[in-house]
Amino acid sequence: MESIGVLMMCPMNSYLENELQKRYNLHRFWTCPEKSVFLETHRSSIRAIVGNASVGADAKLIDDLPKLEIISSFSVGVDKIDLGKCKEKGIRVTNTPDVLTEDVADLAIGLILALLRRLCECDRYVRSGKWKYGDFQLTTKFSGKSVGIIGLGRIGAAIAKRAQGFNCPINYFSRTEKPDVGYKYYPTVVELAQNSDILVVACALTDETRHIVNREVMDALGAKGVLINIGRGPHIDEKEMVKALTEGRLGGAGLDVFEQEPHVPEELFGLENVVLLPHVASATVETRTAMADLVMGNLEAHFAGKPLLTQVV
Amino acid sequence: MESIGVLMMCPMSSYLENELQKRFNPVRFWNFPVFLETHRNSIRAVVGNASTGADAELIDGLPKLEIISSFSVGIDKIDLGKCKEKGIRVTNTPDVLTEDVADLAIGLILALLRRLCECDRYVRSRKWEYGDFQLATKFSGKSVGILGLGRIGTAIAKRAEAFSCPVSYYSRRVKPDLGYKYYPTVVELAQNSDILVVACPLTDETRHIVNRHVMDALGAKGVLINIGRGPHVDEQELVNALTEGRLGGAALDVFEQEPHVPEELFPLENVVLLPHVGSSTVETENAMADLVVANLEAHFAGKSLLTPVV
């Protein structure tokens, strides 16, 4: 087992690193000064890659590793992995669904509350001493507002369940209608946006869903509507969103993800009607530990010839 | 109707002020603190709120006072005993603000456990470009202990259940129909909860109901959420417990001496501090104002009060 080369793409979790170190011959890709030299030297020993939401494995990397058998992603989203190339070469791919569903759904609700009730602005207001001079302005109510969810998978369904606790009517857009759920289906994202106070992005990022929230959708959401993104930055046309917000055409945005993380458009920094988080939807001690265990569990299963736990490809 | 003097204790809502102006003769106490001498006989109603009510001295100073209508659900700033004694009616604004306050309680929990405000600061200060934020802690599934299972406490419980949180409570009486676990003391509730939420009215019995014992029972992994009244919590002890690391964190919408907030809390990452905004949304303040006006109208028309307390 010790001679199995595993390539870790970037720092993601020290517990995971330690566990990988104990069981495999771990290579930390981010510490290699000359990556092409590293790949030349070690290409024949790397049998597994561990990636995450920011760094995966593109076609070139996959081609450079002839002994690659499995890519185990420390994330549920696998948009940074060339799945087509993996299928072609028989390389298996695993991710970390379910264990992070609750945290991500919790964060979506947290973003909605922080945005509508201006929680971060209020906290700043108190800490700056301004409360002594007057009350904070009125904000807007969450309970009862209509919530439109793009993508009703595990995470979308968990968000819907939570929003129902706040008496919010739930609408959704999905590739296929789900008649058993009891929520209102809209056949297009624009119609969903027209009929929702709060639009939440909760679908997977694919070629079809890139910029699924475009100018038309944002205009439909409007000056009284707000946009929440716990999916991937590229789900939203970020440039258009910045304009819509700075021009007052969109009521507000709560964002955990961006097109070029960790870069965030600076035009947003001066706005009161945005909440900006550094991609923390699954970033709790409990969940990252569970995700790490799942990555380890998948790798162990693979190298022991047993069925994978959470296979994507 | 125009000659009915209504004493408004402090600025609370411009919408409410306008509505009172249309129907009554509102006197703004904060503009005319010395007016009492001249106008005492024309004041038949007082409109107060969470911060300013009517104490015995004020009530005694207004011989024609018939009704106090509070722009709040909490009426701890009104001398109810004196009102009962003098036959003065008191109304408040329950129900219309229940959802907003419960929403804020959940917002406080999420902001605290997931460090939302710290994270937002982290991004805006460009620190994300140099590294990821540290790990926070999960909310879903944590045990929530609610102090007071009235309208607001029940609404908080309902929301917490949507996050799969086991809910337990302390209340003056057991409420077996709700299906939550009852603890007979606040200390036991705190011992058995990850998150303790204060949601009861402020009375002589509940002042400092969250004291050092309770905070020690909650402990270094527990967090305290206050959407009740500042005096529910022994604030000095709270500051000590937080700065000494004996209490895991606190998210507070209310304080003992608002708008004063103990400055020892400002540098702490494990606190969230809000300026008493539990019901401060446009929707709810308008509904509260309508209820204040409707209670006054009902009283002066000889009809039943909508939301009487006394």
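What do you reckon, is residue B:120 without any contact (Cβ under 8 Å) to a residue 12 or more places away in the chain and facing chain A (nearest Cβ under 8 Å)?
Numbers: without any contact (Cβ under 8 Å) to a residue 12 or more places away in the chain: yes; facing chain A (nearest Cβ under 8 Å): yes.
So residue B:120 passes the test.
Could you tell me whether segment A:137-149 includes any residue that is away from chain B (no Cβ under 12 Å) and either touching a Lys or Arg at 6+ places or on another chain (Cβ under 8 Å) or in a loop (DSSP other than H, G, I, E, B) (or both)?
Within segment A:137-149, one or more residues are away from chain B (no Cβ under 12 Å) and either touching a Lys or Arg at 6+ places or on another chain (Cβ under 8 Å) or in a loop (DSSP other than H, G, I, E, B) (or both).
Determine the pairs where a residue that is free of Cβ contacts under 8 Å to residues at least 12 places away in the same chain, located within segment A:293-313, has a partner that is open to solvent by 20 Å² or more (accessible area, probe 1.4 Å) with Cβ atoms under 7 Å apart, the partner being 6 or more residues away or on another chain.
A:301/A:307; A:301/A:308; A:301/A:309
Please return the ranges of helices (runs of 4 or more DSSP H) entirely within segment B:1-104 where 2 or more residues are of a type outside the set (Phe, Trp, Tyr) and more than 28 Å from residue A:134 (Cα to Cα).
Per the criteria, B:36-39, B:80-86.
Going by the conditions given, is residue A:251 in contact (Cβ under 8 Å) with a residue 24 or more places away in the chain and touching a Lys or Arg at 6+ places or on another chain (Cβ under 6 Å)?
For residue A:251, the condition - in contact (Cβ under 8 Å) with a residue 24 or more places away in the chain and touching a Lys or Arg at 6+ places or on another chain (Cβ under 6 Å) - is met.
When you scan segment B:187-198, how many residues do you find that are open to solvent by less than 20 Å² (accessible area, probe 1.4 Å) and part of a loop (DSSP other than H, G, I, E, B)? Quick ask: steps written out before the conclusion?
Keep residues of segment B:187-198 that are open to solvent by less than 20 Å² (accessible area, probe 1.4 Å), which gives B:189-190, B:193, B:195-198.
Subset that is part of a loop (DSSP other than H, G, I, E, B): B:193.
The total comes to 1.
So is residue B:172 open to solvent by 10 Å² or more (accessible area, probe 1.4 Å), in contact with a helix residue (DSSP H, G or I) (Cβ under 7 Å, 6 or more places away or on another chain) and of a type in the set (Lys, Arg) or not? Working first, answer last.
On the way: open to solvent by 10 Å² or more (accessible area, probe 1.4 Å): yes; in contact with a helix residue (DSSP H, G or I) (Cβ under 7 Å, 6 or more places away or on another chain): no; of a type in the set (Lys, Arg): yes.
Here the answer is no, as residue B:172 does not meet what is asked.
Can you tell me which condition residue B:115 does not meet? The list is (1) in contact (Cβ under 8 Å) with a residue 24 or more places away in the chain; (2) open to solvent by 40 Å² or more (accessible area, probe 1.4 Å); (3) in contact with a Cys (Cβ under 9 Å, 6 or more places away or on another chain), and all the others hold.
Unmet for residue B:115, out of (1) in contact (Cβ under 8 Å) with a residue 24 or more places away in the chain; (2) open to solvent by 40 Å² or more (accessible area, probe 1.4 Å); (3) in contact with a Cys (Cβ under 9 Å, 6 or more places away or on another chain): (3).
Answer with yes or no whether residue A:95 is of a type outside the set (Asp, Glu), facing chain B (nearest Cβ under 8 Å), open to solvent by 10 Å² or more (accessible area, probe 1.4 Å) and in contact (Cβ under 8 Å) with a residue 12 or more places away in the chain. Walk me through how you get there before you give the answer.
Numbers: of a type outside the set (Asp, Glu): yes; facing chain B (nearest Cβ under 8 Å): no; open to solvent by 10 Å² or more (accessible area, probe 1.4 Å): yes; in contact (Cβ under 8 Å) with a residue 12 or more places away in the chain: yes.
No, not satisfied.
Is segment B:177-186 home to any residue that is at pLDDT below 95 and part of a helix (DSSP H, G or I)?
If we filter segment B:177-186 for residues that are at pLDDT below 95, which is where we start, we get B:177-179.
Checking which are part of a helix (DSSP H, G or I) leaves us with B:177-178.
Yes - at least one qualifying residue is present in segment B:177-186.
The values are calculated or read from the model by the stated rules, or taken from the named source; none is laboratory data. These numbers come from a predicted model, not from an experiment. Note that each Cβ is placed from the backbone with ideal geometry, even for glycine, and that neighbours are counted across all protein chains shown. For the accessible areas, the whole protein counts, side chains as well, though only heavy atoms, and no ligand, DNA or RNA atoms are used. Shrake-Rupley method; radii C 1.70, N 1.55, O 1.52, S 1.80 Å.
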